[in-house]
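Structure, as structure tokens:
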Amino acid sequence: MSLGPRVLIVDDSPTVREDLRTLLSLLESVEVVGEASGAAGAIPTAIEVEPDVIIIDLEMGGSASAELDGLQAIGELKRVRPSASVYVLTVHGYPAARQAALHAGADLFFTKGQDTDGLLRAIRAGRVSGSSI
């Protein structure tokens, strides 16, 4: 049993989820406790597995009308799991996306392919600062 952060990964890409699981397995005491392939599935999964950290993409596949988007899910995740840190990991690294995510309640924001080291450092440190590092 891990004494470090329990992590939930939310991304529509199986490859991204697998890559994150692999990276997180390299961090001592970090435990991936769940995954969801979309924002709507993230809510019940977060309730069930009680993560300390939720890594979520902003844009995930599926019908926009039938599925919460990442921004809507952030607020809902913070409501059902207020003690969890929500880290956005997305390809949309532009300032408007960052501001929208932080406004929605994300604790930290990372750009896929650019901020992987920062994401891993944040998880290791248990960081919740409202920006990116």
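The values are calculated or read from the model by the stated rules, or taken from the named source; none is laboratory data. Note that the structure is predicted; figures quoted are calculated from it, not measured. Methodologically, a virtual Cβ is constructed for each residue, glycine included, from the backbone with ideal geometry; neighbour enumeration extends over all protein chains shown.
Points worth noting:
- First in the stretch 68-81 and under 14 Å from residue 107 (Cα atoms), second anywhere and of a type in the set (Ser, Thr, Tyr), Cβ under 9 Å, 6 or more apart: 70/90
- Condition check for residue 122: touching a strand residue (DSSP E or B) at 6+ places or on another chain (Cβ under 8 Å) and either modelled with pLDDT of 95 or more or closer than 17 Å to residue 9 by Cβ (or both): yes
- Residue under evaluation residue 41, criteria (1) at pLDDT 95 or above; (2) crowded, with 18+ Cβ neighbours inside 10 Å; (3) over 12 Å from the mean Cα position of the chain (by Cα), criterion not met: (1)
- Candidates 33, 49: the one that is under 20 Å from residue 15 (Cα atoms), modelled with pLDDT of 95 or more, of a type outside the set (Ser, Thr, Tyr) and surrounded by 13 or more Cβ atoms within 10 Å (Cβ to Cβ) is 33.
- Residue within the stretch 18-29 that is out of contact with any Cys (no Cβ under 9 Å at 6 or more places or on another chain) and within 19 Å of residue 104 (Cβ to Cβ) present: no
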